[in-house]
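Enquirer: Let me begin by handing over the structure; questions about it come next.
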Amino acid sequence: MTIEERLENMERELGRMKRRNRWLLGAILLVAGGLIIPAVFETTAFRARAQVEGTAREVRAKSFVLEDENGKLRAALGITEEGSALVFYDENDMARAGIYVLKDGPRLILFDERGKQRAGIYAYKDEPILGFYDERGKLRAALGITEDVPGLGVFDDSGKQRAGLSMTKDGPILGLYDESGKVRGRLMVNRNGPILGLSDESGTIRAGLLVLKGQPALGLTDENGNTRTKLCIGNGGQGLTFFDENGKPIPIR
C-alpha cells in the first residue's frame with residue numbers, strides 16, 4: 001500500500017469518525033435540551049399526597065414528596081407529560097441529582113451546588129452516552145458508542161468540537177479540529193502501522209508521516225492533495241523523490 005493510498009484510507013476513516021462525533025454531539029444536545037429541569041417539580045406540585053385509610057399494601061399517586069425534619073424538600077417523585085422523574089435536593093433546596101425516564105430514553109443527571117448540570121448519562125435510542133459539562137452548564141466532553149464504535153469528543157467553550165477519538169474496526173484514530181470545525185491533525189494506527197497527517201485550512205492533507213513495513217516515509221502534497229515530495233528510508237538506504245503537478249517523478253540532476 002502506497003503513501004497516497006494510506007492517506008486516503010485515513011481520510012475516509014476520519015470522515016466516518018466526524019460523522020459519528022457529530023451524531024454524538026447532536027444526541028447529547030438533544031437530550032440536554034429536552035431535559036426536564038428540576039424546577040418543574042416544584043414543592044407546591046408535590047404537596048398533594050395520596051390519602052390512605054388504614055393499612056394498605058399498595059399506594060397510588062401521581063407524585064410523592066420527602067421532607068426532612070425541618071420541612072425542607074429533599075426528594076420528589078412525580079409524573080409529567082414528558083415522563084417520570086425522581087429528583088434529590090440538598091439542604092438548600094437545590095437539585096443535585098435526577099433520574100428521568102422520558103420519551104427518548106432514560107437519563108441520570110448530576111448537578112453542582114448552584115443547580116448547574118455537570119454530568120449526565122443517557123441511553124439515547126439504546127446507545128449509551130456520557131456527557132461532562134463546565135460550570136456554565138455547557139457540554140465540554142462526551143463519551144459514547146454509536147454503531148458499536150466507541151468515541152470520545154472534546155468541545156471548546158463555544159460548543160465546537162476540537163478533538164475526537166474513535167476506535168474503528170481498523171484501529172484507533174485521533175482527529176484535531178480548528179475553530180471552524182476543519183480537521184487539521186490526524187493520527188491513526190491500523191494493521192499496516194501508524195499514520196500522521198497534517199492538513200491546511202481547507203481540510204486537505206498537506207503532510208503525511210507513516211511507517212510502512214517498518215520503513216518510515218514522509219509525503220508532502222499540494223493544495224489539491226497531490227503528492228509533490230516523498231522521502232523514504234528503507235533497508236536499501238534513503239530516497240527523495242519530487243513530483244510535478246501531474247504526479248510524475250521529476251528527475252534529480
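The values are calculated or read from the model by the stated rules, or taken from the named source; none is laboratory data. Quantities reported herein were computed from a predicted structural model and do not represent experimental measurements. Reconstructed Cβ throughout: ideal geometry from the backbone, glycine too, with neighbour counts over all protein chains shown.
Enquirer: Can you name the residue in region 79-99 that is modelled with pLDDT under 90 and assigned to a strand (DSSP E or B) and is also surrounded by the most Cβ atoms within 10 Å (Cβ to Cβ) among such residues?
Expert: Looking at the filtered set, the residue picked out is Gly83.
Enquirer: Has region 126-145 got any residue that is among the acidic types (Asp, Glu), within 29 Å of Ile173 (Cα to Cα), surrounded by 15 or more Cβ atoms within 10 Å (Cβ to Cβ) and more than 12 Å from the chain's Cα centre (by Cα)? It would help to see each step written out before you state the result.
Expert: In the first step, residues of region 126-145 are kept if they are among the acidic types (Asp, Glu); the result is 126-127, 134-135.
Going one step further and asking which of them are within 29 Å of Ile173 (Cα to Cα), we end up with 126-127, 134.
With the extra rule that they be surrounded by 15 or more Cβ atoms within 10 Å (Cβ to Cβ), the set shrinks to 127.
Cutting the leftovers down to more than 12 Å from the chain's Cα centre (by Cα) gives us 127.
Yes, there is a match, as at least one residue in region 126-145 is among the acidic types (Asp, Glu), within 29 Å of Ile173 (Cα to Cα), surrounded by 15 or more Cβ atoms within 10 Å (Cβ to Cβ) and more than 12 Å from the chain's Cα centre (by Cα).
Enquirer: Show the residue pairs meeting these rules: Cβ distance below 9 Å; 6+ apart or different chains; first residue within region 148-161 and of a type in the set (Asp, Glu); second residue not in a strand (DSSP E or B).
Expert: That search, which allows pairs on different chains as well, returns Asp156/Glu179; Asp157/Asp134; Asp157/Arg136; Asp157/Lys138.
Enquirer: Among the residues of region 162-178 satisfying the criterion of being surrounded by fewer than 19 Cβ atoms within 10 Å (Cβ to Cβ) and in contact (Cβ under 8 Å) with a residue 60 or more places away in the chain, which is farthest from the chain's Cα centre (by Cα)?
Expert: Within region 162-178, the first condition is being surrounded by fewer than 19 Cβ atoms within 10 Å (Cβ to Cβ), and the residues that meet it are 162-163, 165, 167-172, 174, 176, 178.
Now drop any that are not in contact (Cβ under 8 Å) with a residue 60 or more places away in the chain, which leaves 168, 170.
Numbers: Thr168: 15, Asp170: 20 Å.
Residue satisfying both the conditions and the ranking: Asp170.
Enquirer: Which condition does Gly115 not pass, out of (1) modelled with pLDDT of 80 or more; (2) at negative phi; (3) not charged (D, E, K, R), if it passes all the others?
Expert: Result: Gly115 fails condition (2) only.
Enquirer: Report, ordered by the first and then the second residue, all pairs with beta carbons closer than 7 Å, sequence separation of six or more or different chains, a first member in region 101-120 that is free of Cβ contacts under 8 Å to residues at least 40 places away in the same chain and within 18 Å of Glu81 (Cα to Cα), and a second member that is aliphatic (A, V, I, L, M) and surrounded by 14 or more Cβ atoms within 10 Å (Cβ to Cβ).
Expert: Pro106/Ala123
Enquirer: Collect the residues in region 167-178 that are hydroxyl-bearing (Ser, Thr, Tyr) and either in contact with a Lys or Arg (Cβ under 6 Å, 6 or more places away or on another chain) or at pLDDT 90 or above (or both), keeping them in residue-number order. Give the derivation first.
Expert: So in region 167-178, the residues hydroxyl-bearing (Ser, Thr, Tyr) come out as 168, 177.
Of everything in region 167-178, just one residue is hydroxyl-bearing (Ser, Thr, Tyr) and either in contact with a Lys or Arg (Cβ under 6 Å, 6 or more places away or on another chain) or at pLDDT 90 or above (or both), namely Tyr177.
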